[in-house]
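J.: I'd like to ask you about the structure that follows.
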Amino acid sequence: MDQPAIPVKRVVIYDILYDIVIPAKAGIQIRVTQLESGQWTPAFAGVTRLEMPLRPCLYIMCNHRHGTLYIGVTSNLARRVYEHREGLLDGFTKRYGLKRLVWYEQHETMQAAIRREKQMKAWKRAWKIREIERMNPKWDDLYVTLNQ
């Protein structure tokens, strides 16, 4: 599918590349990569990491190895983790300094991701740690690998 011939301004914010489009009548838009479609979608309040496809994800943030854990769900993992890292979201992760993405799991639907989130929040802490260490034994920050 061909993209519309609309002027695109490339902007880099915190080492992240964004394509900003300002068509004459449609308002500001951001090009979001959507696996097959590559559509132009309306901008929203917040930032989209262009390279990361939009897909429901369950994720775990922490402050350090075996530290405080936060389980969340989102349709845009890169943007949400960026918001946590920069302290843009008030709440638990900001209060406890949880800036490290240590685990995530993609889902086909948001309902499936929410169902799994509720299931995992009921788990014992040891089970959550075991799940993290299966995917990420060194508890590395996975944020830097999202677009590789």
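The values are calculated or read from the model by the stated rules, or taken from the named source; none is laboratory data. This one's a predicted model, so the numbers in the text were calculated from it and none came from an experiment. So basically every Cβ, Gly included, is an ideal-geometry build from the backbone, and we count neighbours across all protein chains shown.
J.: Out of region 118-145, which residues are buried (at least 17 other Cβ atoms within 10 Å of the Cβ) and within 18 Å of the chain's Cα centre (by Cα)?
T.: Residues satisfying the conditions are ILE132, ASN136, TRP139, LEU142, TYR143.
Table: residues versus (1) crowded, with 18+ Cβ neighbours inside 10 Å; (2) modelled with pLDDT under 95; (3) under 12 Å from the mean Cα position of the chain (by Cα).
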position	(1), (2), (3)
LEU50	no, yes, yes
ASN63	no, no, no
THR68	no, no, no
VAL73	yes, no, yes
ASN76	yes, yes, yes
TYR82	yes, yes, yes
LEU88	no, yes, no
GLY91	no, yes, no
LYS94	no, yes, no
